[in-house]
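Step one of this worksheet: look at the structure below.
The values are calculated or read from the model by the stated rules, or taken from the named source; none is laboratory data. Note that the structure is a prediction, hence the values are computed from the model and not measured. When we count neighbours, we look across all protein chains shown, and the Cβ atoms used for this are built from the backbone with ideal geometry, even at glycine.
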Amino acid sequence: MRLQLDKQNVSWFHKFLESARKFHLNSIRPGSKKSYSTGQIRWFAVAEKIGTDPLMRMIPKEWEIRVDCFKLSTLTWYESCMLAFLASCRDPEKAVIPNTAFAYLSAVRKFLEENGIDTKFFESSQYIRNTKMGMVNAYRVESNSDARDSERLAITIDTIVGFDAHTREQLGSKYGLAQLAVHTAQILGYTTLSRVSEYLQTPGEAEHLLLAESIMFETHSKQLIPSTEIDNISWSEIQGCVVDILSAKNDKKHKGNRLHFGLADLADPNQAYCITKTLWKYAKAVRPVKGMSFFYIPGLKWTLKPRYFNLCLKQLAVLYNLDPARISSHSLRIGGASALAAAGVPDYLIMDMGRWRSLTFLTYVRRSTQMFDTARNALARRDLLTVNQIRLMNPKGVTSASKLKKC
């Protein structure tokens, strides 16, 4: 028996469907909507390049006559499209990190589901699973970064200085500009609490690149001289340096950050290095080129990049009996933050130094004996926090003498 609906029932039906549509759209978290929108747009572009429509209904002739390594495999048409999409996300022109690529893939899946395509193959496909794993492994090698940064060990200043001294002793006269670049990058990453993409040329992160002119030296007359022009001044004229971090991954508006460092008193045995002098010596030896990475060496036509940098950090780990698997360029950022915390530097200053937008940096801080000593000294001081101060700052928590008697 066919159910007859009057206009009133139909209007209610439409009303509920409209509500359901809103719930359906809200199945994506607000923070993911932009990523999903971008993911779908990128998928439409890839589908067009493949020669199909966004729902993969058209299969081009190339699919049947191709000679790629998957030709004799069980790879399906749908799976091949998703592999092509993942690979496009690491294309140098518009490369994104693996996690972002996987978010885009989720967007594609959502789009296909909404249009009636069975997407169970996303979960069952070994090809997709292996491709994602391979992307992560390749990215770790390229950028020394992964989701387990909280497990990284801290690289400390004594290991940085000691490793450079060891390298100089081992290589002797063969110690060259490449080794100097590695040491300078270690000092810079440690001092500025920077991500590797903020100071080394990293695939897909060109907007963060530290250019030669982003390193400047301040004279006594308050002039800022780019590293590319230091032939015009002498060391005696220098009173500090400035490092311009052009942007960071959490700097969405690309406002940049300027860090200023004065001269360290190297006569003080507790001062292991001077960041200004380290950058000055490197710039004098290398002669950085305007518009290029600060770590591009024109005499060698070579640029220090994360992969080689990572290899050197692994060597440092071996020298100091640390687990190489837990050492990466991020260990420099962790080491710098941990040193500041051990010195009792307030959280807000550490956040500012490392360009953190929240207290998530606390997951990076590694404990030291100095931190415990600082805590012990604070806890034992009689004047830091007294009962009188508690009463003064919490008047509603004070109990009258009459109430005390009843207790």
ask   = Of all helices (runs of 4 or more DSSP H) completely enclosed by region 302-407, which ones contain at least 3 residues that are modelled with pLDDT of 85 or more and among the small types (G, A, S)?
value = 330-342
message = Just checking, does region 65-76 include any residue being surrounded by fewer than 18 Cβ atoms within 10 Å (Cβ to Cβ) and touching a Lys or Arg at 6+ places or on another chain (Cβ under 7 Å)?
response = no
query = Somewhere in region 197-213, is a residue surrounded by 15 or more Cβ atoms within 10 Å (Cβ to Cβ), more than 16 Å from L259 (Cα to Cα) and in contact with a Cys (Cβ under 7 Å, 6 or more places away or on another chain)?
reply = no
query = Tell me, which helices (runs of 4 or more DSSP H) wholly within region 48-118 include 2 or more residues that are at pLDDT below 90?
reply = 62-65, 98-114
remark   = Checking S197, S173 in turn, the sole residue that is in a helix (DSSP H, G or I), out of contact with any Leu (no Cβ under 7 Å at 6 or more places or on another chain), at pLDDT 90 or above and among the polar types (S, T, N, Q) turns out to be S173
Enumeration of residues in region 119-152 that are at pLDDT 85 or above and in a loop (DSSP other than H, G, I, E, B) = T119, K120, S125
request  = Only residues that are in contact (Cβ under 8 Å) with a residue 12 or more places away in the chain and among the polar types (S, T, N, Q): list them for region 74-109, please.
outcome  = T76, S80, S88, N99, T100, S106
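Residue-wise test of (1) among the small types (G, A, S); (2) over 19 Å from L209 (Cα atoms); (3) over 20 Å from the mean Cα position of the chain (by Cα).
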site: P269; (1), (2), (3): no, yes, yes
site: A272; (1), (2), (3): yes, yes, yes
site: A283; (1), (2), (3): yes, no, yes
site: K290; (1), (2), (3): no, no, yes
site: F295; (1), (2), (3): no, no, no
site: P298; (1), (2), (3): no, no, yes
site: L313; (1), (2), (3): no, yes, no
inquiry  = With the requirement that a residue be among the β-branched types (V, I, T) and farther than 18 Å from A181 by Cα, what does region 209-241 give you?
reply    = T219, I225, I233, I238
remark   = Output for Cβ contacts, cut-off 7 Å, separation at least six or different chains, first residue over 25 Å from Y296 (Cβ atoms) in region 160-184, second modelled with pLDDT under 95, reads H166/L319
ask   = Before we move on, is Y190 crowded, with 20+ Cβ neighbours inside 10 Å, more than 14 Å from the chain's Cα centre (by Cα) and at pLDDT below 95?
value = yes
ask   = Which members of region 272-312 meet the condition of being surrounded by fewer than 14 Cβ atoms within 10 Å (Cβ to Cβ) and touching a residue at least 60 places away in the same chain (Cβ under 8 Å)?
value = K290, G291, G299, L300
ask   = With respect to the numbered conditions (1) within 14 Å of T184 (Cα to Cα); (2) part of a loop (DSSP other than H, G, I, E, B); (3) touching a strand residue (DSSP E or B) at 6+ places or on another chain (Cβ under 7 Å), which one is the sole condition not fulfilled by L279?
value = (2)
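Okay, residues lined up against (1) free of Cβ contacts under 8 Å to residues at least 24 places away in the same chain; (2) touching a Pro at 6+ places or on another chain (Cβ under 6 Å); (3) among the hydrophobic types (A, V, I, L, M, F, W, C); (4) surrounded by fewer than 20 Cβ atoms within 10 Å (Cβ to Cβ):
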{"residue": "I233", "(1), (2), (3), (4)": "yes, no, yes, yes"}
{"residue": "Q239", "(1), (2), (3), (4)": "no, no, no, yes"}
{"residue": "V243", "(1), (2), (3), (4)": "no, no, yes, no"}
{"residue": "N257", "(1), (2), (3), (4)": "no, no, no, yes"}
{"residue": "A264", "(1), (2), (3), (4)": "yes, no, yes, yes"}
{"residue": "K314", "(1), (2), (3), (4)": "yes, yes, no, yes"}
query = Quick check: anything in region 256-264 farther than 18 Å from G354 by Cα, in a loop (DSSP other than H, G, I, E, B) and modelled with pLDDT under 90?
reply = yes
